[in-house]
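The values are calculated or read from the model by the stated rules, or taken from the named source; none is laboratory data. Computed from a prediction, not measured in an experiment: that's the story for all the values here. Ideal geometry is used to build each Cβ from the backbone, glycine not excepted, and the neighbour counts take in all protein chains shown. Note: areas computed on protein heavy atoms with side chains; ligands, DNA, RNA excluded. Shrake-Rupley method; radii C 1.70, N 1.55, O 1.52, S 1.80 Å.
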Amino acid sequence: MQPASSFAASSHTTRLTAVGGKADDDFGYAGVAVAGDIAVVAAIERAVAGHTQQGMAYVFRRPDSGWAHAKQVAVLSASDGGAEDNFGLGVATDGSTIVVAAPGHTIGSQGFAGAVYVFSKPAGGWSGSLHQSAELRPSAPVAEGEWGYRSVAVAGRTVVVGDPAAAVAGHTGQGEALVYTEPQHGWSKVITRPTATLTATDGAAQDALGYSSIAVSGSTIVAGAGGHDVGLNADQGASYVFTRPAAGWSGVRHESAELTATDGAAEDQLGGFATAISGRTVVASSGFHEVGTNAQQGEAYVFTEPASGWSGARHESARLLASDGTAGDYLGLGPIVISGDIVATASPYHVVNGVHDAGTVYLYQKPSRGWSGTRLESAERVATGPQSGDSLGYGDLAISGTTLIAGTDGHDVGANAGQGAAYVFSPARPALSRLATSTHSFAARSRATVVDPAHPHKGGLRLSFTLQGQQATVSLAIARRGHGHHAAVGTVTVSAPQGRDRVYFFGRLSARRVLRPGSYTIAVFASSASGVSKHHVEHVTVVRS
């Protein structure tokens, strides 16, 4: 198998749990999101103020030292929450905005009508106990509508909510997706009127458009309809692509393209449980698809936007399978996520080292020539110490950069059965070792800093080291020593590959700045999205040339 970029390298695993978590909280079930150094994990069964199953969401921040040292920094809840709201049964974030669905929320006399809560990042950052900035509600609440059930998405000022129970043109349960645009004054109060409503032109009763399957990227929204019939195949399923008009989202919009699988069959429910989009790539899954003679092994499909844009009926560019897949694995029954050229999805009922229903997450690398044919995974991720019934990735998956988070809502934490946990898979933070300097005295020259093991060493300072973990940015933070204190004068950064390497520093800080003669300290460290290495400090003297 080909390596899946940095995901194929050895992965550090961190387990996130809620401070004060209790048995049966279902932490990590259908409520996991990550963006940059912020992760959000919900506990949908958590009791709040005596309300059973009201639910809460927890915000974790990754420090420079990496996810292994992540801390819970904030707790999110609804100011009008009630029993059985299941707050967190759907979570999305872009870093500055967190969106949380509560499909069990009661509105007036309508039980389980559903609501979606929008949290805006405070000026001081995510911290403490926070209530929503705005609450999104259906314009006409319906009992048992479970509005937003596992189907919320956010990108910038756009929030998308699935309404799978919506009746459209008299078709009960056809479903639709609702687009909300952040008001000029920011998210606030209760909002019941969407900016736009998205429906399928060939929709029919019980298609359930938007059930557990909504995604947005830039100006494009994708919604799955697992109950859609294709030809004579009942519930084969389809995903619909909606493109934002030049004038912006408004009114009722129909799809630009409809995506179906060439080998689709009845009951496959393509897109019914998972769909994702990033740039020009859409991925949708059929967790119930039969592969060979393996019933319900599951399969995922990659669709690539044509050069002319999304339009008409489209079939997949590639099919994604698990090399060790078996019957009943349900690949893609949980969410699908995309980060750059990497697609990740899970087989939540896959057997791991003899542990039944432990679950496995599969990572697929986009080939250099683009998505085509049948692709097998490039890497796998499993939980450390998996437990039977963990179903890793069934509850939720989230990805940002090289960080992958998978929920295991059934995981026991200590004596708390079913408290739940979320596993963070990320490359180990970089480490610098075997640091050595060629000299402690040199004359400064106006030559750029370079990384090159074979560079002819003529003057300057040579720093030799071994970089472990992954490619990283190596920084030289320089301070002038004198009169018992240090004064920072500048930082030089270079990109270095993993392995044994050398950095040649000649004293140049910028195009017009070169170190003056004197005594200096140089703090050398490596940094990447996974964290920052330990600092190594060297003392040097710059002499006159």
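Using the empirical formula 2.2 N^0.38 Å as the baseline, the Cα radius of gyration of segment 317-475 reaches a ratio of 1.47.
On the basis of the beta-carbon distance and an R0 of 51 Å, residue 79 and residue 384 show a calculated FRET efficiency of 0.85. For the pair residue 65 and residue 219, label points projected 7 Å from Cα toward Cβ lie 4.6 nm apart. Length gained on full extension, residue 293 to residue 250: 10.8 nm, using 0.36 nm per residue less the C-alpha separation. Working from label points 7 Å from Cα in the Cα-to-Cβ sense, the residue 498 to residue 193 distance is 5.5 nm. Share of carbon and sulfur in the accessible area of segment 28-143 stands at 48%, probe radius 1.4 Å. As a rough guide to protection, the peptides 128-139, 104-115, 367-378 ranked by mean Cβ packing within 10 Å, highest first, stand as 104-115, 128-139, 367-378. Stretched out straight at 0.36 nm per residue, the stretch from residue 233 to residue 462 would grow longer than its current Cα-Cα span by 75.7 nm.
Ordering of 169-177, 297-305 by packing is 297-305, 169-177, highest average first (other Cβ atoms within 10 Å, averaged per residue).
Treating segment 427-545 as a set of equal point scatterers at the Cα positions, no solvent, please give the Debye-formula log₁₀ I(q)/I(0) at q = 0.13, 0.18, 0.21 Å⁻¹. Here log10 of I(q) over I(0) equals -0.47, -0.90, -1.18.
Using a Förster radius of 45 Å, what is the FRET efficiency between residue 356 and residue 436 based on their Cβ-Cβ separation? Nearest 0.05, please. Result of the calculation: an efficiency of 0.30.
How much length is gained if the chain between residue 473 and residue 265 is pulled fully straight, taking 0.36 nm per residue apart and subtracting their Cα-Cα distance, in nm to one decimal?
Full extension of this stretch gives 70.0 nm more.
In units of the rule-of-thumb radius 2.2 N^0.38 Å, segment 1-148 shows an alpha carbon radius of gyration of 1.11.
Here segment 465-515 exposes an accessible surface that is 45 percent carbon and sulfur, computed with a 1.4 Å probe and the other protein chains kept in place. Where the alpha-carbon atoms of segment 88-227 are placed on the principal axes, they occupy 47, 36, 24 Å, in descending order.
For residue 121, the lysines whose Cα comes closer than 25 Å to its Cα, not counting residues fewer than 8 places off in the same chain, are 71, 189.
Shape descriptor for segment 292-403: Rg over Rh equals 1.00 (Cα atoms; Rh from the Kirkwood inverse mean 1/r). Carbon-plus-sulfur accessible fraction, segment 202-339 (probe radius 1.4 Å, protein heavy atoms only): 48%.
Modelled this way, with points 7 Å down the Cα-to-C-beta line, the labels at residue 315 and residue 376 are 2.5 nm from one another. Summed over the residues of the chain and divided among them, the accessible surface reaches 39 Å² per residue at a probe radius of 1.4 Å. Shown here is the pair-distance distribution of the chain: with all Cα-Cα distances grouped in 10 Å bins from zero up to the longest one, the shares run 4, 18, 25, 23, 15, 9, 5, 1, 0 percent. Taking 19 Å as the cut-off, the amide N atoms of segment 502-545 that come nearer than this to a point 7 Å along the Cα-to-beta-carbon line of residue 483 belong to 516-521.
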